[in-house]
Amino acid sequence: MSDWAAIEHAISAATGRAFSIDDRRAALGGDINEAHILGDGERRFFVKTNRPERRDMFEAEAAGLVELRQATLLRVPEPITVDATGELAFIVLEYVPLARPTRESMTRLGEGLAELHGIVATRHGWDRDNTLGPNPQHNARHADWTEFWRENRLAVMLDALAPDYPDVARDGDRLLAVLPDLLSGHKPEASLLHGDLWGGNAGMDQDGRPVIYDPAVYYGDRETDLALTELFGGFSPDFYEAYWGAWPAAAGYREIRRPLYQLHHLLNHARLFGGGYAAQARRVMNQLIARA
């Protein structure tokens, strides 16, 4: 059985309705996976493929999408099935045609994200690990947010970078030493998070409803999602007006926690793309150390 025949079979089994590909086109799938839109004349699905050993990554993505579908104001693509052949792993998702965002849809996205963050757990983390891009993301549960951020986010990134960027690791050790001071008194609820909310992972469907996808789900400080939206751009003032109007920023977010939470993604990008991000991460770390 060919890989595409295996995907046809998986879709047919998952939906209870025969599916035979008569239209296959490449789609934008980022730097990690190949992505395709498959159709049979009546239905269309969005399919991502990767090496067979990346099946766990797709299973975690599907579980994350299910978790996010607790929200009512946001549209989250439904995962249809995950499987693997000898040559590739794949995830099949509901296909959601996207439209250009409008001011109204950005407002609705801000309102929807605030609603999502109102879904809370008793501890930070999640019941499974997943990935941030292709890199492992560790989600072991912690009752204390500072401990979670130190052990599951910053320390693992710094350890991974240490062989190639020892200067980053040295600055990181200094930052970890003052992290309790930087987060002193900050005890956030464990909110349901998208986890990788940059502009390429949010959009609007053709009915004007905001859509989020490609998550790195866990429960933690809601401000981490907001910090990432401000790192790479793509979110309009209407989005922030709606979000902060529903859930105002707490003291210390802009000066301390926003750069601290953005640091995690800069370190991840340094692992993926190299030295420019490493240098930027060092600047942020030294600024934070000076504030402690």
(message) For the range 246-263, give me the residue count where each residue is in contact (Cβ under 8 Å) with a residue 40 or more places away in the chain and open to solvent by 60 Å² or more (accessible area, probe 1.4 Å).
(response) 2
(message) I'm told Y219 meets every condition in (1) farther than 27 Å from A35 by Cβ; (2) open to solvent by 20 Å² or more (accessible area, probe 1.4 Å) except one. Can you identify the failing condition by its number?
(response) (2)
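Among the residues of the range 1-52, which ones are polar (S, T, N, Q) and within 26 Å of the chain's Cα centre (by Cα)? Steps first, please.
Just the residues of the range 1-52 that are polar (S, T, N, Q), to begin with: 2, 12, 15, 20, 33, 49-50.
Residues satisfying the conditions are N33, T49, N50.
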(request) Would you mind telling me which numbered condition in (1) out of contact with any Pro (no Cβ under 6 Å at 6 or more places or on another chain); (2) open to solvent by 20 Å² or more (accessible area, probe 1.4 Å) L266 fails? (result) (2)
(request) Of the numbered conditions (1) more than 20 Å from the chain's Cα centre (by Cα); (2) farther than 15 Å from G172 by Cβ; (3) hydrophobic (A, V, I, L, M, F, W, C), F235 fails exactly one; give the number of that condition. (result) (1)
(request) Would you confirm whether any residue within the range 180-193 is open to solvent by 10 Å² or more (accessible area, probe 1.4 Å) and of a type in the set (G, A, S)? (result) yes
(message) With the requirement that a residue be in contact with a Ser or Thr (Cβ under 9 Å, 6 or more places away or on another chain) and open to solvent by less than 10 Å² (accessible area, probe 1.4 Å), what does the range 225-242 give you?
(response) D225, F239
(request) Please find, among R271, R291, the residue that is open to solvent by 70 Å² or more (accessible area, probe 1.4 Å) and in contact with a strand residue (DSSP E or B) (Cβ under 9 Å, 6 or more places away or on another chain). (result) R271
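Need at least 2 residues that are charged (D, E, K, R), at pLDDT below 95 and within 18 Å of G200 (Cβ to Cβ) per element, so show me which helices (runs of 4 or more DSSP H) inside the range 218-292 make the cut, counting only ones lying wholly within it.
Working: elements: 223-232, 237-246, 258-273, 275-291.
Correct list: empty, since no element meets the threshold.
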(message) Being under 28 Å from D31 (Cα atoms) and surrounded by fewer than 16 Cβ atoms within 10 Å (Cβ to Cβ) is the filter here; which residues of the range 99-127 pass it?
(response) A99, R100, T102, D127
(request) Please identify the pairs in which a residue from the range 23-47 that is without any contact (Cβ under 8 Å) to a residue 24 or more places away in the chain and open to solvent by less than 100 Å² (accessible area, probe 1.4 Å) has its Cβ atom under 7 Å from the Cβ atom of a residue that is of a type in the set (K, R) and in a strand (DSSP E or B), counting only partners at least 6 apart or on another chain. (result) G29/K48; N33/K48; A35/K48; H36/R24; H36/R25
(message) Out of the residues in the range 132-156 meeting the condition of being open to solvent by less than 20 Å² (accessible area, probe 1.4 Å) and in contact with a strand residue (DSSP E or B) (Cβ under 9 Å, 6 or more places away or on another chain), tell me which one is nearest to A281 (Cα to Cα).
(response) R153
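The values are calculated or read from the model by the stated rules, or taken from the named source; none is laboratory data. Model, not experiment: these values are computed from the prediction. Glycine also receives a Cβ, built like all others from the backbone with ideal geometry; neighbour counts cover every protein chain displayed. Calculation scope for accessible area: heavy atoms of the full protein, side chains included, ligands and nucleic acids excluded. Shrake-Rupley method; radii C 1.70, N 1.55, O 1.52, S 1.80 Å.
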